[in-house]
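Encoded as C-alpha cells, the structure appears first; notes follow it.
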Number of protein chains: 2
Amino acid sequence: MYAAPVQQLIDELGRLPGIGPKSAQRIAFYILKSPAEDAARLASSITAAKAKVTWCRRCFNIAEVPSAETGGSGDGAECEICRDPRRDSSVLCVVEEPRDVIAFEKTGLYRGRYHVLLGALSPLDGIGPAQLKIGELLARIEAEGVTEVILSMNPNTEGEVTALHLINLLKDRSVKLTKIATGVPVGGDLEYADELTLGRALEGRHEVR
Amino acid sequence: MYAAPVQQLIDELGRLPGIGPKSAQRIAFYILKSPAEDAARLASSITAAKAKVTWCRRCFNIAEVPSAETGGSGDGAECEICRDPRRDSSVLCVVEEPRDVIAFEKTGLYRGRYHVLLGALSPLDGIGPAQLKIGELLARIEAEGVTEVILSMNPNTEGEVTALHLINLLKDRSVKLTKIATGVPVGGDLEYADELTLGRALEGRHEVR
C-alpha cells in the first residue's frame, strides 16, 4: 500500500521493542515530515553508536571501542568501571543488562565491580545458560579473587529463574552469595503494593532495635 | 552517565513521537545488542525514506522522488493516485495525513482523488491555516473542476476545528461540501461506545425503509 521506501522504514521501526505496527507508522511519518537534518542525525546516531560502542571484555557492560590513539589493540575494550583501579575487585554485582549497572551507579552506594549477563534465562525465547555470560562469570570469580557475589536480577520470573540457576552453580564454591532485598519501594504506598511484594517485604523483615 | 554515543542515540530516539526516556533507553540497548547488519538496515531505511520520498506536488500525499530514468524533472513528484487517469477528478477527499489516504484506499470504495492537509489546526502547537495545505486546496478546487469536497478530518477537536474552518472558506463556493459520518464503529459494542459517539450516531440516524 505504501511506497517501497516508506514500507521498509515502517518494517524496520516495527522490529524495535515496544513499537507496534501503528507506532511504527506514526514514527515513520514523523520522520518523513521532520527536517532532513533531524533524520540524518537519527540515522547517524544509530550507526555511530554501533561503531563506537561494544561490550566490555571483562564485565560485558557497554564500553567505548578503543581508538588508535588511546592505545587500544586486539585486546578489546574495557568499560570505565573495570578500568577504575579504585573499585573493589572482591565484590561482584551480577546484573542482567548494562542499564542495571547505570541504575546501581546512580545510587552512589556501590564501590565494587559488576558482571552483566546480557539477558536473563527465558527458555521460551530460546535464551538458555549458553546465551548468557555465565561461563565468563565463573571464570572471573576464579581469576579475580572475588569473595562476594551479589545477585541483582530483576524481581520477575526470568530474573528469579536466573538467580536460582546461579545459586545452584555457585553454592559449592567458597564465595559468599547474596541477593538484593525485595520489599516495598521507598516512597511507595502500602495500599498500592501488590500481595507478592508485601509478602516479600514481610519475609525480609529485620529487627530494628 | 552513559558513554557519549549511547547517550546521543538515546536522545535522538527520545525525540520520536510516543517514545519516552525509558523506551528510548530500551530501544537504544536493543540496537546495541542487535547484529550490526540490523542496525545498518534501520539507519539506511531512514536515510533512504527521506531521500526517496517526498510530497506529491498536487495532493501532498507521499510520493516517490522521480528518478532520472522516469523522466522526472523540476516539476516535482506526483503520487500514484494523482497519476492514475482512472480516478475521478471531480471528487476530492480532504484528509489530515498521508496515512488517512491509505485508510480510505483500504476500503476499496473510493474512486475520487485526495487532498492531504499535512496536519490539522492546532493553535496551541502553533499550527494555523498557513501551516496546512489549505491555499493549495482552494487552488485545486478552482483549477481541477472539483464538484464535491468530502471533509474527512479526524473526529477529534483539532479535526473538527479544521473542518469548520474549511466549511467557512468553502460555503460560498458552488462546490458540494460533505463530511464523513460519525457514529458507532462497525463491530463495536453499544455498551462501550462513549456518550459523544452515541449522541452523534443518534443525530446521524437515517430512515431505513
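The values are calculated or read from the model by the stated rules, or taken from the named source; none is laboratory data. For clarity, every value in this text was computed on a predicted model and none was experimentally measured. Neighbour counts run over all protein chains shown; Cβ positions are idealised from the backbone, glycine included. Heavy atoms of the whole protein, side chains included, go into the accessibility calculation; ligands, DNA and RNA do not. Shrake-Rupley method; radii C 1.70, N 1.55, O 1.52, S 1.80 Å.
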- request: Compare A:Ala51, A:Ala120, A:Ala43 in a GNM of chain A, Cα atoms joined below 10 Å, and give the one with the largest fluctuation.
  value: A:Ala43
- prompt: Measuring label to label, 7 Å along Cα→Cβ, what does B:Glu148 give against each other copy in nm, shortest first?
  reply: 7.8
message: Students often get this wrong: which residues of the range A:124-154 have the backbone nitrogen under 12 Å from the point 7 angstrom along Cα-to-C-beta of A:Val175?
response: A:134-152
field: Mean Cα-pair separation over length for the range B:54-209, i.e. relative contact order, pairs under 8 Å, 6 or more apart, %
entry: 18
query: Hey, for B:Lys22 with labels 7 Å out along Cα-Cβ, what do the inter-copy distances come to in nm, ordered shortest first?
result: 2.0
- request: Return the aspartates and glutamates within reach of B:Lys171: Cα separation strictly under 13 angstrom, same-chain partners fewer than 8 residues apart disregarded; answer none if there are no such residues.
  value: B:Glu148
statement: DSSP beta bridges in the protein assembly as shown: the antiparallel percent, rounded to 5, is 25
field: Solvent-accessible area buried by pairing B with A, both sides, nearest 100 square angstrom, 1.4 angstrom probe
entry: 4600
- line: Filtering GluC sites (Glu not before Pro) in the range A:91-153 by DSSP loop and by at most 16 other Cβ atoms within 10 Å leaves A:Glu144
query: Anyone know which of B:Glu80, B:Glu64, B:Glu191 comes out most mobile in the 10 Å Cα GNM of chain B?
result: B:Glu191
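Shape of the range A:99-181 from its Cα gyration tensor (a ≥ b ≥ c, root eigenvalues): rounded if a/c is under 1.5, otherwise prolate when a/b > b/c, or oblate? Present the calculation step by step, with values, prior to reporting the outcome.
On the way: a/c = 1.62, a/b = 1.14, b/c = 1.42.
Cα axes put the range A:99-181 in the oblate bin.
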field: Reachable aspartates and glutamates from B:Lys33, criterion Cα separation under 12 angstrom, eight or more residues apart if same chain
entry: A:Glu97
query: Using modelled backbone amide H atoms (1.01 Å from N, in-plane), which distant-in-sequence or interchain residues come within less than 5 Å of B:His115's amide H?
result: B:Cys93, B:Val94, B:Val95
task: Considering the rotation that carries chain A onto chain B, locate the chain A residue whose Cβ comes closest to its axis and report the distance in whole Å.
output: A:Ala43, 2
query: Placing a label point 7 Å from Cα toward Cβ, how far apart in nm is B:Glu80 from its equivalents in the other copies, listed shortest first to one decimal?
result: 4.9
message: Using amide H atoms built in the peptide plane, which far-off residues or other-chain residues are under 5 Å from A:Lys179 H to H?
response: A:Leu151
- prompt: Relative contact order for the range B:23-125 using alpha-carbon pairs under 8 Å, separation at least 6, rounded to a whole percent?
  reply: 22
- request: Per DSSP H run of at least 4 residues, take -39500 (n - 2.57); add these up for chain B, divide by its residues and hand me the 222 nm value, nearest 500 deg cm²/dmol.
  value: -12500 deg cm²/dmol
Furthest towards positive pole of dipole, A:Cys79, A:Gly112, A:Ile102, structure part the range A:19-144, Cβ charges: A:Ile102
message: Need one word for chain A: rounded, prolate or oblate. Basis is the Cα gyration tensor (sqrt eigenvalues a ≥ b ≥ c); a/c below 1.5 gives rounded, then a/b vs b/c decides.
response: oblate
